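**Q** Input: one structure, supplied below.
The values are calculated or read from the model by the stated rules, or taken from the named source; none is laboratory data. Values in this document were obtained by computation on a predicted structure and should not be read as measured data. Using ideal geometry, Cβ is built from the backbone for each residue, glycine included, and neighbour counts are taken over all protein chains shown. For accessibility, only protein heavy atoms count, side chains too; no ligands or nucleic acids. Shrake-Rupley method; radii C 1.70, N 1.55, O 1.52, S 1.80 Å.
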Amino acid sequence: MEYLSHIVNLALFYVALTVSLNLILGYGGMASLSHAAFFCIGGYVSAIVTLQLSANFLVGVALAIAMTMIIGGVLAAPFIRVKEEYVLLFTLSFQMVVYHLMMSMDAITGGDSGIFGVPLPEILGWSPETPTQFLPLMAAVLVLVYWIAFKVTRSPFGRVLKGCREDDSAVSSLGKNVLRFKVTIFMVGTGVAAGVGALFAHYTQFINPSVGSLDASILIIAMVVLGGTANLMGSAVGAILLIIIPEILNFIPGASDLIVPLRGAIYGILLIVFMRFRPEGLIPEYFHLGKGEKKDGLTQKAKGSDETVTRKENSKDAQVPQCKVVLEVSGLSKAFGGLKAVDDFSISLERGKVTALVGPNGCGKTTAFNLITGFLRPDTGKILFNGRDITNFSAHRMPQSGLVRSWQDVRIFKEMTVLDNILIARQNQPGELLSQLFFMPWKVKQEEAQNLKEAYTHLKTVGLLEKQMELARDLSYAEQKLLAIARMLASEAWILLLDEPSSGVDPNWVDHFMKMIRNLALSGKTICLVEHNLEVVRGVSDTVYFMAGGRKISQGSFEEVMADPELGEIYFGV
């Protein structure tokens, strides 16, 4: 009986560990090879604190979590800025450093022998001395871990994490600080792993470097991939299968002699097979979105879509435009080495007007957009929004100030639902802060209800309300373009920069896009678009700027610019 209870406890430990890694890997999109190292650090910190300082078990666990979260934050801040393959190398290096430090610091860690005699957990005089007695404590800890993970992932914070997993730039363009979200979830995931590690050390009354080996990290990753990334139920399935099945096989004569030396190879093969043939794991992220649930969800959630929505300005930085010219760009320049992509470019956007940027490929239109929206820093020049200097604002601050952009290649979040694509664009949501998420849930709930009503309004505007619970990847290309526009509207920005809104769209949809753009301008939005389709430019623009060689060549009405002989020579070759 005690052996069976021990196996169950072991499985529950790994379920908690898998959930914590799933927060980082499945939801945050960061492939970490050092998760076992944080588990090991937590175990050592708690063991040393309780043994050397005679501190209570709970004090040791709390210190282990706090110290590991700090280490995780310091580690994550630099490596999150690099490409995914370098994140793997970075975390692998950290894993190896921690393992060898634990092996070599004999005076502190006991070296290869580890630390014996770690005190059993004690809470209010109660101390579990057998695996069976320990089960209720482990079950309670697992419930706590799942509660934390559920709160984080089913919240505005979790939505942003899923967006970061797919496209950091698109998330930044919606007013979210990607670095803050990724560092935060890395700290939460490593903190949970450390707490579980501390509990493990007190359960076994022993800790040594082997629990933080690379093999252990690969095992945890295999559990996540097997069960299903970004799926909390999948974490449990993957962990239980990879812990229980080897134990069952141990009862087969001769099987244990074969499995133990080949365990690492088996886990590696499982990883390769699932990554190749079923990357979503046994339980996909959106397995619950069956046809019946989509319909039921639509019926229930759309009830409020026709309600009158009291609009409020959601951004603390945004200002209602008071000037006729809401965006003034002057002397903007950007060089890449010897190439001047944008040279002394100036543009003025008037409130409620549509301005178009035209010119041949490579003339600097998209670079100008990137400079205006903070994705590139200008070498010279100034950008004023409503009289306020926003020249050196970072990309995620631009939507908060009232300026948002779209992308030529759409960049919607295809692995998220249509509704979540809209909700993620809402600015300064209380649920995006973990402090408010856990300590002010009533405020988060109230704001979420308001955001849902706003989201239904924008989906209805573009004609996608009936598809709110579908994954964005299942939309047609034209519908994805509409979703991108609805997402911009959800940000409540006053200035919309549209990068080739009609490109790749069936001609039958072009008139629809033109009508929508004009209606947005009539509603008070200020619009600037980059567009190669001159029929669209003719149909929607009030002012046209023609660019060539990174410079503004001419400006005026469509007819005035088209009459410019220089444009005909550069653009049409005549």
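**Q** Under a point spin-label approximation (7 Å from Cα along Cα-to-Cβ), what is the residue 336-residue 563 distance to one decimal in nm?
**A** 3.7 nm
**Q** Here's another thing I want to ask about it. I'd like the orientation of helix 84-104 relative to the chain: the angle between its Cα long axis and the longest Cα principal axis, in ° from 0 to 90, rounded to 10.
**A** Tilt of helix 84-104: around 30 degrees.
**Q** Right, another one. Per residue and in cubic angstrom, what volume does the convex hull of the Cα atoms of the chain have?
**A** Dividing the Cα hull volume of the chain by its residues yields 186 Å³.
**Q** First check a/c for the stretch 344-383, with a ≥ b ≥ c the square roots of the eigenvalues of its C-alpha gyration tensor; if it is under 1.5, answer rounded, and if not, answer prolate when a/b is larger than b/c or oblate otherwise.
**A** oblate
**Q** Rounded if a/c is under 1.5, else prolate if a/b beats b/c, else oblate: with a ≥ b ≥ c from the C-alpha gyration tensor eigenvalues square-rooted, which is the stretch 1-61?
**A** oblate
**Q** A follow-up question, please. Given a Förster distance of 35 angstrom, what is the FRET efficiency for residue 518 paired with residue 392, based on the Cβ-Cβ distance and rounded to 0.05?
**A** Given R0 = 35 Å and the Cβ-Cβ separation, E is 0.55.
**Q** Taking 0.36 nm per residue of sequence separation and subtracting the Cα-Cα distance, how much length would be gained by fully extending the chain between residue 286 and residue 460, in nm to one decimal?
**A** Value of the extension gain: 60.3 nm.
**Q** While we're on this one: List the residues whose amide H sits under 5 Å from the amide H of residue 551, counting only those 5 or more places along or on another chain, with H placed 1.01 Å from N in the peptide plane.
**A** 343
**Q** Treating only the Cβ of Lys, Arg, Asp and Glu as charged (+1, +1, -1, -1), what charge dipole size does the chain show about its Cα centre? Round to the nearest 20 debye.
**A** 1060 debye
**Q** In the chain, which longest range has no GluC sites (Glu not before Pro) that are both DSSP loop (not H, G, I, E or B) and surrounded by at most 14 other Cβ atoms within 10 Å?
**A** In short, 314-574.
**Q** How large is the convex hull of the C-alpha atoms of the stretch 103-186 per residue, in Å³?
**A** 190 Å³
**Q** Expressed in nm to one decimal, what extension gain is obtained for the pair residue 106 and residue 144 from 0.36 nm per residue of sequence separation less their Cα-Cα distance?
**A** 10.2 nm
**Q** Still on this structure, please answer the following. Pairs of Cα atoms under 8 Å, at least six residues apart: use those to get the relative contact order of the chain, whole percent.
**A** Here the relative contact order equals 17 percent.
**Q** By how many degrees, between 0 and 90 and to the nearest 10, does the Cα long axis of helix 441-462 differ from the longest principal axis of the chain?
**A** Compared with the principal axis, the helix lies near 40 degrees.
**Q** On a full-extension model of 0.36 nm per residue, what is the gain between residue 325 and residue 245, subtracting their alpha-carbon distance, rounded to one decimal in nm?
**A** 22.0 nm
**Q** Given only helices, namely DSSP H runs of n ≥ 4 each adding -39500 (n - 2.57), what is the per-residue ellipticity at 222 nm of the chain, to the nearest 500 deg cm²/dmol?
**A** -17500 deg cm²/dmol
**Q** OK, next. So how far, in whole Å, is the C-alpha centre of the stretch 395-466 from the one of the stretch 323-360?
**A** For the stretch 395-466 versus the stretch 323-360, the Cα centre distance is 28 Å.
**Q** Still on this structure, please answer the following. Solvent-accessible area of residue 394, probe 1.4 Å, all protein chains present, reported in Å² to the nearest ten, please.
**A** 40 Å²
**Q** Compute the orientation-averaged projected area for the stretch 399-468 from the convex hull of its Cα atoms and round it to one decimal in nm².
**A** Mean shadow area of the hull around the Cα atoms is 5.8 nm².
**Q** For the chain, find the longest principal axis of its Cα atoms and tell me its angle to the long axis of helix 35-52, 0 to 90°, nearest 10.
**A** Between helix and principal axis, roughly 50 degrees.
**Q** On to the next question. Between residue 382 and residue 532, with labels modelled 7 Å along Cα→Cβ, what's the label distance in nm to one decimal, could you check?
**A** 3.6 nm
**Q** So for the stretch 372-411, what are the equivalent ellipsoid semi-axes in whole Å, largest first, each being the square root of 5 times an eigenvalue of the Cα gyration tensor?
**A** Equivalent ellipsoid of the stretch 372-411: 18, 13, 8 Å, largest first.
**Q** Quick one: pull the percent of accessible area on the stretch 110-229 belonging to carbon and sulfur, 1.4 Å probe, ligands and nucleic acids left out.
**A** 62 percent
**Q** Taking the solvent-accessible surface of protein heavy atoms with a 1.4 Å probe, what is the per residue accessible area of the chain in Å²?
**A** Heavy-atom accessible area per residue stands at 43 Å².
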